[in-house]
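Asks: One structure coming up, written as structure tokens, with questions to follow.
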Amino acid sequence: MVRWLSRWWRAATSACAQGWQRLWEGLRPLDPYRSVKAALGALVIVSVVITTLLALFAVQSATELRVITIISIVASLLITQFVAQSLTAPLDEMTDAAKAMAGGDYSRRVRGGRRDEFGELAENFNRMAADLQAVDQHRKELVANVSHELRTPIAALRAVLENVVDGVSQADPETMRTALSQTERLGRLVDHLLDLSRLDNGVVPLHSRRFEVWPYLAGVLKEANMSKRSGRARKDVHLHLDVSPPELTAYADPERLHQVVANLIDNAVKHSPQHGRVTVRARPGSGPVATGEGSLEVEVLDEGPGIPESERQRVFDRFSGTHSTEPAKGGKGVSPGGGTGLGLAIARWAVELHGGRIRVAESPRGCRIQLTLPGTKGQPS
């Protein structure tokens, strides 16, 4: 009985609160503090009341009508000026802020705190100004980061070629491999930028199909091992594949998924300790994202220093850089330098293009990045 009364009381309280909220919103057109129309209506009413009272006073006191008229006009003008100044102050601030933004200053903001339409306009204006400031800052960082990433391989390639031309070094296979590695680094950066351009323009279609996960991921790891043997990656990190059940199948775009897994493996290898281990684990999809047949959950785990919890959302932003620079526990850490900061941004884009989810999951050691693809029912149209 007590439990039933408690539930009834909570339901009644919730219904009353919702009813009061609807009533309060319904009265908004009549509230001069929350509606400009109501404020202007109140101004007209006050002016009429003042004029009427002054007219009655003139009749009772035998005061000349023209004096009462002048007093009434002056009082109405003063009240109108006060109300107009209060209503138009945010518009004046927005005009000044818009002129400053047109000149490139996106730091200007409009004072808020009002509850009427002008208050909502001020909040939206401030939100727009913050977004424009973020876009401008991102543009500047983009130019700076791309310039930095391009300058490093170009300078190294130029030094190699100058040494060959000046006779300091011979054009032997080792020298040419050094030049080739720098050229490949430039190519990877350009590919990343092209992918981001397609992302922004929304011109990348999905070609999803069903495929077996074990041979597919085995091929991705085989390419990663070939990269290690060709000198483009560290040779001391062991790659391990764990697929369960072995006959697991998935429904996705193989090319885009290859791009995601390859980027995650490359990032994990870079940040692994000496003689570390990178594990690629695949399981049937679980959770709210995995909604259809052929859903897939892939995890890439390393034994490096990991990612601080405060940075786990930011690592998927463009040019943010990845992983902590702190040394790994139990061994020497590896500097995360040399990356473009685009790999995880592209991975998130490709996963979200499938309607899936990618995140940095909890792990007792190292970094664990988990992606979930929805399968057939979750594919975007």
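Asks: Is it true that Glu309 is at pLDDT 85 or above and not hydrophobic (A, V, I, L, M, F, W, C)?
Replies: Numbers: at pLDDT 85 or above: no; not hydrophobic (A, V, I, L, M, F, W, C): yes.
So Glu309 does not fit the description; no.
Asks: Something else: Within the stretch 92-133, work out how many residues are modelled with pLDDT under 85, loosely packed, with under 13 Cβ neighbours inside 10 Å and in a helix (DSSP H, G or I).
Replies: Adding up the residues that qualify gives 1.
Asks: Among the numbered criteria (1) of a type outside the set (Gly, Ala, Ser); (2) under 22 Å from Asp191 (Cβ atoms); (3) modelled with pLDDT of 85 or more, which one does Leu353 miss?
Replies: (3)
Asks: Does Ala233 satisfy the criteria of being modelled with pLDDT of 85 or more, of a type in the set (Gly, Ala, Ser) and either under 28 Å from the mean Cα position of the chain (by Cα) or surrounded by 13 or more Cβ atoms within 10 Å (Cβ to Cβ) (or both)? Outline the logic, then answer.
Replies: On the way: modelled with pLDDT of 85 or more: no; of a type in the set (Gly, Ala, Ser): yes; either under 28 Å from the mean Cα position of the chain (by Cα) or surrounded by 13 or more Cβ atoms within 10 Å (Cβ to Cβ) (or both): yes.
Judged against the criteria, Ala233 is not a match.
Asks: Only one residue in Ile68, Ile50 is modelled with pLDDT of 75 or more, over 27 Å from Arg127 (Cα atoms) and surrounded by 12 or more Cβ atoms within 10 Å (Cβ to Cβ), so which one is that? If you could, list the steps in order and put the result at the bottom.
Replies: Working: Ile68 fails: modelled with pLDDT of 75 or more.
Being modelled with pLDDT of 75 or more, over 27 Å from Arg127 (Cα atoms) and surrounded by 12 or more Cβ atoms within 10 Å (Cβ to Cβ) holds for just one of Ile68, Ile50, which is Ile50.
Asks: Further question on the same structure: Conditions: (1) more than 30 Å from Thr95 (Cβ to Cβ); (2) modelled with pLDDT of 80 or more. Asp136 meets all but one. Number of the miss?
Replies: (1)
Asks: Oh, and also: Of the residues in the stretch 247-276, how many are surrounded by fewer than 24 Cβ atoms within 10 Å (Cβ to Cβ), assigned to a helix (DSSP H, G or I) and small (Gly, Ala, Ser)?
Replies: Total satisfying the criteria: 1.
Asks: What single numbered condition from (1) over 16 Å from His258 (Cβ atoms); (2) modelled with pLDDT of 85 or more; (3) open to solvent by 60 Å² or more (accessible area, probe 1.4 Å) fails to hold for Val164?
Replies: Val164 satisfies every listed condition except (3).
Asks: Collect the residues in the stretch 277-298 that are in contact (Cβ under 8 Å) with a residue 60 or more places away in the chain, open to solvent by 40 Å² or more (accessible area, probe 1.4 Å) and touching a Ser or Thr at 6+ places or on another chain (Cβ under 7 Å), keeping them in residue-number order.
Replies: Within the stretch 277-298, the first condition is being in contact (Cβ under 8 Å) with a residue 60 or more places away in the chain, and the residues that meet it are 280, 282, 285-287, 289-298.
Now restrict to residues that are open to solvent by 40 Å² or more (accessible area, probe 1.4 Å): 286-287, 291, 293.
Once the filter is applied, which keeps residues that are in contact (Cβ under 8 Å) with a residue 60 or more places away in the chain, open to solvent by 40 Å² or more (accessible area, probe 1.4 Å) and touching a Ser or Thr at 6+ places or on another chain (Cβ under 7 Å), the stretch 277-298 yields Gly287, Glu293.
Asks: Conditions first: (1) among the polar types (S, T, N, Q); (2) loosely packed, with under 15 Cβ neighbours inside 10 Å; (3) at pLDDT 85 or above. Ser208 passes all but one, so which condition is the exception?
Replies: Unmet condition: (2).
Asks: Among the numbered criteria (1) farther than 30 Å from Arg139 by Cα; (2) within 35 Å of the chain's Cα centre (by Cα), which single criterion is violated by Gly104?
Replies: Of everything listed in (1) farther than 30 Å from Arg139 by Cα; (2) within 35 Å of the chain's Cα centre (by Cα), Gly104 misses just condition (1).
Asks: Determine, yes or no, whether Leu56 is at pLDDT 70 or above, under 17 Å from Asp116 (Cα atoms) and in a helix (DSSP H, G or I). Steps first, please.
Replies: Working: at pLDDT 70 or above: yes; under 17 Å from Asp116 (Cα atoms): no; in a helix (DSSP H, G or I): yes.
Taking the combined requirement at face value, the residue does not satisfy it.
Asks: Any idea which of (1) assigned to a helix (DSSP H, G or I); (2) open to solvent by 70 Å² or more (accessible area, probe 1.4 Å) is the one Leu150 doesn't satisfy?
Replies: Failing condition for Leu150: (2).
The values are calculated or read from the model by the stated rules, or taken from the named source; none is laboratory data. Computed from a prediction, not measured in an experiment: that's the story for all the values here. In this analysis, Cβ positions are derived from the backbone assuming ideal geometry, glycine residues included, and neighbour counts consider all displayed protein chains. For accessibility, only protein heavy atoms count, side chains too; no ligands or nucleic acids. Shrake-Rupley method; radii C 1.70, N 1.55, O 1.52, S 1.80 Å.
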